[in-house]
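The values are calculated or read from the model by the stated rules, or taken from the named source; none is laboratory data. For clarity, every value in this text was computed on a predicted model and none was experimentally measured. Using ideal geometry, Cβ is built from the backbone for each residue, glycine included, and neighbour counts are taken over all protein chains shown. When the accessible area is computed, the model is the full protein with side chains, heavy atoms only, and any ligands, DNA or RNA have been set aside. Shrake-Rupley method; radii C 1.70, N 1.55, O 1.52, S 1.80 Å.
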Amino acid sequence: MALIRTDGYEFDFPKAKALYKFDEPDKAQPYFHGVNHAMKAVDVMVELVDRYLFIEIKRYDSGFENGHPLEDAKAYLINTSVTKFRDTFLYRYCEEKLDKPVIFICLIDKLDSAMLGTLRKAIGRKIPVGLPAILKERGRWKRPLLEDGKCLVVNEQRWNASNLAAFGSCKYVGVS
């Protein structure tokens, strides 16, 4: 059993080869990689036999309920999620750990299905997901940063009711 608790969630990935807090702040820990504070990282890294899961955890209520408009909150969630994916991708590239497909999962609490879908589309456009048509046509890009269908935005309920449950479970346990 591979179990981790972070940012108010407990993740259980029974078949994980590795499971750890990717944005580890403690220099004494083996997975610390904070050599460049200008770069960001996703919260959790899962290595399975045939893929990596990059998991970013976002609390929707982090400062947005006190008079911040919804559009500001959406822009913040989109921009920070994209930055964390891209920077993590660079970290993994430099570690030579991009030898398997990646699934990017943005776990956001307190949002309904329609809003999760809207955020998924916006994040996917900014990463970008898939091969940009013009670059594919001209033969410039040989592979995507992230394959189509591999950018997911979910809440806990959607995680556990989707195909993600086959990889492992997600449970909100509260912030300690």
Inset, instruction - Scan around residue 52 for amide H atoms under 5 Å from its own, H built in the peptide plane at 1.01 Å from N, and keep only partners 5 or more places away or cross-chain. - result: 102, 103
Legend entry - Radius 9 Å from Cβ of residue 167, net charge of other residues (Lys, Arg +1; Asp, Glu -1): +2
Legend entry - Surface accessible to a 1.4 Å probe, residue 98 within the full protein complex, Å²: 40 Å²
Inset, instruction - Give me the accessible area per residue for the chain, probe 1.4 Å, as a whole number in Å². - result: 56 Å²
Legend entry - the range 78-92 versus the range 103-141: alpha-carbon centroid distance in Å: 12 Å
Inset, instruction - Kindly flag which residue pairs out of 15/121; 100/150; 100/171; 15/100; 84/126; 21/171 have an alpha-carbon separation exceeding 19 Å in this structure. - result: 15/121; 100/171
Inset, instruction - Counting helices only, and only those DSSP H runs with n ≥ 4, report the 222 nm mean residue ellipticity of the chain as the sum of -39,500 (n - 2.57) divided by its residues, in deg cm²/dmol to the nearest 500. - result: -9000 deg cm²/dmol
Inset, instruction - Can you bin the chain into rounded, prolate or oblate? Criterion: square roots of the alpha carbon gyration tensor eigenvalues sorted a ≥ b ≥ c, rounded for a/c under 1.5, prolate for a/b above b/c, oblate for the rest. - result: rounded
Inset, instruction - Assign unit charges at the C-beta atoms only (+1 for Lys and Arg, -1 for Asp and Glu), then state the dipole size of the chain relative to its Cα centre in Debye, rounded to the nearest 20. - result: 720 debye
Legend entry - Given 12 as the ceiling on other Cβ atoms within 10 Å, longest exposed-site-free region of the chain for GluC sites (Glu not before Pro) in DSSP loops: 97-176
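In the range 18-157, what percent of the accessible surface is made up of carbon and sulfur (1.4 Å probe, ligands and nucleic acids excluded)? It would help to have the intermediate numbers written out before the result.
Values: 3910 of 7650 Å².
Summing carbon and sulfur atoms, their accessible area is 51 percent of the total for the range 18-157.
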Inset, instruction - Name the residue farthest towards the positive end of the dipole of the chain from the options 28, 57, 103, assuming +1 on Cβ of Lys and Arg, -1 on Cβ of Asp and Glu, about the Cα centre. - result: 103
